[in-house]
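> Can you keep this structure in mind? I'll have questions shortly.
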Amino acid sequence: KAGVTQTPRYLIKTRGQQVTLSCSPISGHRSVSWYQQTPGQGLQFLFEYFSETQRNKGNFPGRFSGRQFSNSRSEMNVSTLELGDSALYLCASSRTLAGVGAGNEQYFGPGTRLTVT
Amino acid sequence: QKEVEQDPGPLSVPEGAIVSLNCTYSNSAFQYFMWYRQYSRKGPELLMYTYSSGNKEDGRFTAQVDKSSKYISLFIRDSQPSDSATYLCAMSAGAAGNKLTFGGGTRVLVKP
């Protein structure tokens with residue numbers, strides 16, 4: 001079974017630009033979460049989608065947004081990029097939500113490394 | 001103070017030794033506990049998943065959860081140089097989805 005895939009793997013953008021990252025979950029998984037990883041802050045939760053609905057949101061500014069499509073694929077968008085947005089952006093998928101039986105373990109993709117100059 | 005605390009290491013052990021990792025947490029609502037391994041410039045790989053308190057064993061890995069002490073552990077037996085990586089603990093309350101709160105990670109070096 002194929003794992004979580006993320007595109008692109010590497011991206012260089014200029015301050016003020018916007019960027020869209022894509023994530024394809026494991027087949028059959030309906031929950032997709034996004035995380036930001038930086039050396040200083042570690043892994044921080046951005047948001048989670050399940051059945052095209054945002055279920056949870058982390059403490060990030062409104063410049064960070066996301067969506068999920070009917071095939072469970074997800075995109076996240078960052079507008080008006082700042083230098084501090086340079087990070088590894090990770091997508092994770094799980095079959096279900098917690099409390100809905102087993103299957104809420106999250107499996108991560110390889111990440112998209114975003115550099116803002 | 002962070003919700004999940006994890007010693008950053010590095011933890012250096014000789015090949016074949018037992019690696020002992022742990023995390024403490026403050027949020028009593030956490031019910032789901034995971035350990036991930038992350039190699040440099042790669043995504044985290046799920047090693048162990050535990051619901052509530054107790055022990056779980058999978059091959060060379062043993063995970064322990066003590067909710068009364070808010071303390072979780074991961075033991076790696078017969079460590080190999082390929083186990084050299086950063087190990088992250090992660091937890092979820094489950095009440096509002098699958099949001100994971102991570103520890104800062106412990107860097108482990110297994111020397112041949």
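The values are calculated or read from the model by the stated rules, or taken from the named source; none is laboratory data. Computed from a predicted structure; not experimentally measured. Positions of Cβ are generated from backbone atoms using ideal geometry, with glycine treated the same way; all protein chains shown enter the neighbour counts.
> From (1) over 28 Å from residue A:96 (Cα atoms); (2) within 13 Å of chain A (Cβ to nearest Cβ), pick out the condition that doesn't hold for residue B:15.
(2)
> Any idea how many residues of the stretch A:6-25 are within 13 Å of chain B (Cβ to nearest Cβ) and either over 11 Å from the mean Cα position of the chain (by Cα) or among the small types (Gly, Ala, Ser) (or both)?
Final tally of qualifying residues: 2.
> I would also like to ask the following. Return the residues of the stretch B:93-108 that are within 7 Å of chain A (Cβ to nearest Cβ) and over 17 Å from the mean Cα position of the chain (by Cα); say none if nothing qualifies.
Matches in the stretch B:93-108: B:94, B:96, B:97, B:98.
> Right, something else. Applying the selection to the stretch B:26-50, what residues are among the aromatic types (Phe, Trp, Tyr) and either surrounded by fewer than 17 Cβ atoms within 10 Å (Cβ to Cβ) or more than 29 Å from residue A:25 (Cα to Cα) (or both)?
Scanning the stretch B:26-50 gives a single hit, B:39.
> How many residues are more than 13 Å from every other protein chain (Cβ to nearest Cβ) and surrounded by 16 or more Cβ atoms within 10 Å (Cβ to Cβ) if we restrict to the stretch A:42-66?
3
> Inside the stretch B:1-35, can you point out the residues that are among the aromatic types (Phe, Trp, Tyr) and in contact (Cβ under 8 Å) with a residue 60 or more places away in the chain? Let's see the steps before the verdict.
Here is the first cut: in the stretch B:1-35, the ones among the aromatic types (Phe, Trp, Tyr) are B:25, B:30, B:32-33, B:35.
If the condition is that a residue be among the aromatic types (Phe, Trp, Tyr) and in contact (Cβ under 8 Å) with a residue 60 or more places away in the chain, then B:25, B:30, B:32 are the ones that fit.
> If you don't mind, there's one more thing I want to ask. Can you find, within the stretch A:26-41, the residue that is farthest from residue A:78 (Cα to Cα) among those that are in contact with a Lys or Arg (Cβ under 9 Å, 6 or more places away or on another chain) and within 9 Å of another protein chain (Cβ to nearest Cβ)?
Filtering first and then ranking leaves A:31.
> Being more than 14 Å from every other protein chain (Cβ to nearest Cβ) and either aliphatic (A, V, I, L, M) or part of a strand (DSSP E or B) (or both): is that true of residue B:1 here?
Spelling it out, it is not the case that residue B:1 is more than 14 Å from every other protein chain (Cβ to nearest Cβ) and either aliphatic (A, V, I, L, M) or part of a strand (DSSP E or B) (or both).
> Return yes when residue B:74 is within 12 Å of another protein chain (Cβ to nearest Cβ), within 15 Å of the chain's Cα centre (by Cα), within 17 Å of residue B:36 (Cα to Cα) and among the hydrophobic types (A, V, I, L, M, F, W, C) and no when it is not.
Against the criterion (within 12 Å of another protein chain (Cβ to nearest Cβ), within 15 Å of the chain's Cα centre (by Cα), within 17 Å of residue B:36 (Cα to Cα) and among the hydrophobic types (A, V, I, L, M, F, W, C)), residue B:74 does not qualify.
> Could you list, in sequence order, the residues of the stretch B:66-112 that are in contact with a Gly (Cβ under 7 Å, 6 or more places away or on another chain), at negative phi and surrounded by fewer than 23 Cβ atoms within 10 Å (Cβ to Cβ)? Walk me through how you get there before you give the answer.
Going through the stretch B:66-112, the residues in contact with a Gly (Cβ under 7 Å, 6 or more places away or on another chain) turn out to be B:78-79, B:86-89, B:94, B:102, B:104-108.
Checking which are at negative phi leaves us with B:79, B:86-89, B:102, B:104, B:106-108.
The answer is B:79, B:86, B:104, B:106, B:107, B:108.
> In the stretch A:68-100, what count of residues is obtained for those that are over 19 Å from residue A:9 (Cα atoms), more than 10 Å from chain B (Cβ to nearest Cβ) and in a strand (DSSP E or B)?
Total satisfying the criteria: 1.
> Would you say residue A:40 is modelled with pLDDT under 95 and at positive phi?
On the way: modelled with pLDDT under 95: yes; at positive phi: no.
Here the answer is no, as residue A:40 does not meet what is asked.
> Within the stretch B:79-89, which residues are more than 8 Å from every other protein chain (Cβ to nearest Cβ), in contact (Cβ under 8 Å) with a residue 40 or more places away in the chain and not in a loop (DSSP other than H, G, I, E, B)?
Scanning the stretch B:79-89 gives B:81, B:83, B:85, B:86, B:87, B:89.
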